Amino acid sequence: MSRLRLEHRIERHPYWPESVWIALYVDGVEITSREWPSVVDLEQLRASARQDGDYFIFTCECGDAGCAGIDEPVTVRRDAAGVHWDLGDAWRFIGVAPRDDEDWEEQAGRAAGGAEAGVPRTFVFAADAYADAIEQDVASAQAFIARLDEFATFTPDRNAAMLKHPDLPAEEALRRQSEALETWRREHPLPPGPARWGRLFPGRL
Ligand SMILES: [Zn+2]
């Protein structure tokens, strides 16, 4: 049986407030990648704990999986053995960082990160442990985020609907999220010099 583990990370950029994103590990190997990018859509992950289907559990920072070359979703199906995952395109981007000097789409087309990292395309999780890992993560993340700066944002931003404003309709949660971002940008003008990602704060919440 494989084990699923989620980790919340907060990143800081000169022009962004604290941005919370979710790293996903299977059997100790990180499947997500911020460099590529391939980050977790919590709503899709949570839905996969309820029923079989094709889910874009891994998506671009902007929330559009296709934008990051992830056209094939994760296939999730259950049987007596447990919850089966076929990683789809996310498998190709494990541990992959795009090079600046090469065409991005060509790199996406030949990426085989899973093969290089020795990660299989398919996993089987114990059904109870799978659902528990996701629900516990959502609960602990909600508790943590309640203590963050009011301008905290999410990558992808749609995760705000589950973590920051779980009681609001998703559209309203997104509207508040983008309002917070605009306010933050107004109050924190971009410093001179090239914009670069700042510190990374990994940590289980
Ligand atoms: Zn994108």
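Quick notes on this one:
- Area of E105 that stays accessible when all protein chains are in place (1.4 Å probe, Å², to 10): 140
- Measure of compaction for the stretch 79-178 (Cα Rg per 2.2 N^0.38 Å): 1.42
- Kirkwood radius and radius of gyration were both taken over the C-alpha atoms of the stretch 1-92, and their ratio Rg/Rh is 0.98.
- For R78, the amide hydrogen comes within under 5 Å of the amide hydrogens of H84, counting only partners 5 or more places away or on other chains and with H modelled in the peptide plane.
- In a simple Cβ point-charge model (Lys, Arg +1; Asp, Glu -1; nothing else charged), the stretch 1-70 has a dipole of about 220 debye relative to its Cα centre.
- Area accessible to solvent at M1, 1.4 Å probe radius, in Å²: 150
- Mean separation of Cα contacts under 8 Å, 6 or more apart, over the residue count of the chain: relative contact order %: 28
- Estimated FRET transfer efficiency (R78, E35; beta-carbon r; R0 25 Å; 0.05): 0.20
- Average accessible surface area per residue within the stretch 45-100, 1.4 Å rolling probe, Å²: 44
- Quarter of Cα convex hull surface for the chain, i.e. mean projection, nm²: 11.9
The values are calculated or read from the model by the stated rules, or taken from the named source; none is laboratory data. Predicted model only: the values in this text are computed from it and were never measured. Glycine also receives a Cβ, built like all others from the backbone with ideal geometry; neighbour counts cover every protein chain displayed. These area figures cover heavy atoms from the full protein model, side chains too; ligands, DNA and RNA do not enter into them. Shrake-Rupley method; radii C 1.70, N 1.55, O 1.52, S 1.80 Å.
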